[in-house]
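Step one of this worksheet: look at the structure below.
The values are calculated or read from the model by the stated rules, or taken from the named source; none is laboratory data. Given the structure is predicted, the values throughout are model-derived calculations rather than measurements. Quick reminder, even Gly has a Cβ in these numbers, built from the backbone with ideal geometry, and neighbours come from all protein chains shown. These area figures cover heavy atoms from the full protein model, side chains too; ligands, DNA and RNA do not enter into them. Shrake-Rupley method; radii C 1.70, N 1.55, O 1.52, S 1.80 Å.
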Amino acid sequence: RRRPFPPDRLAKVLAAMPAADNPLAASFRPDGELETSDDGVASVLSRLFRSKGFLWLASSDVTCWEWSLAGRHLDFETFGRWWASVSAKDWPEQWKGKILEDFDGEFGDRRQEIVFIGREVAQSDNRQQLESALDDALLSDEELSVYRSNAKDDAELMKAFPVEPLQQLLSGQNRPPTEQPVGQAPSARFTAG
């Protein structure tokens, strides 16, 4: 897809990952009550064995994020810069053709490119639920206008689309203190380069 995720809505999709001891398993409201969703995506996410790819978050016009899920462990780290944010004169000469193959429209190579591998994930109903949940998490047309007007200013994009909800979820900070697993490291990592 050629539209970025706002970090807060991507966090809501990730919160549907079912595992009682996983920091990604649930989102909690300020009153400490569990937020649940009846959209069925949790069932599809529970069938994933592996997932890998690149993400485009609305909080940066420059940063390409790498997503890597294996079992219940999710790494979410900066991968580098989108080529569209790098002057073409600075591209490696031998890679220019390959780089341009990923360009499409006004956003260049910025995109969502994630592969999901799991039990029955490719079945049409399961695939549709997963795709719908992710598509619904992308920027709306109105939000995309805000993104476009601030695209060259990552500080303004961070204000408009703060990354903290995603950071908190991936570090397990959305759990009330009594729900934190004792002696267990979070099974996700969020690293900004």
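So which residues in region 66-125 are in contact (Cβ under 8 Å) with a residue 60 or more places away in the chain, more than 19 Å from the chain's Cα centre (by Cα) and under 16 Å from F49 (Cα atoms)?
Once the filter is applied, which keeps residues that are in contact (Cβ under 8 Å) with a residue 60 or more places away in the chain, more than 19 Å from the chain's Cα centre (by Cα) and under 16 Å from F49 (Cα atoms), region 66-125 yields R119, E120.
Which condition does K52 not pass, out of (1) modelled with pLDDT under 90; (2) surrounded by 15 or more Cβ atoms within 10 Å (Cβ to Cβ); (3) within 23 Å of E120 (Cα to Cα); (4) in contact with a strand residue (DSSP E or B) (Cβ under 9 Å, 6 or more places away or on another chain), if it passes all the others?
Against the list (1) modelled with pLDDT under 90; (2) surrounded by 15 or more Cβ atoms within 10 Å (Cβ to Cβ); (3) within 23 Å of E120 (Cα to Cα); (4) in contact with a strand residue (DSSP E or B) (Cβ under 9 Å, 6 or more places away or on another chain), K52 comes up short only on (1).
Please specify each residue of region 29-49 satisfying the condition of being open to solvent by 40 Å² or more (accessible area, probe 1.4 Å) and either touching a Pro at 6+ places or on another chain (Cβ under 7 Å) or at pLDDT 85 or above (or both).
S46, the sole residue that qualifies.
Only one of S132, S140, S124 is modelled with pLDDT of 90 or more and surrounded by fewer than 17 Cβ atoms within 10 Å (Cβ to Cβ). Can you tell me which?
S140
When you scan region 68-108, how many residues do you find that are among the charged types (D, E, K, R), within 23 Å of L166 (Cα to Cα) and open to solvent by less than 60 Å² (accessible area, probe 1.4 Å)?
Residues meeting the conditions: 2.
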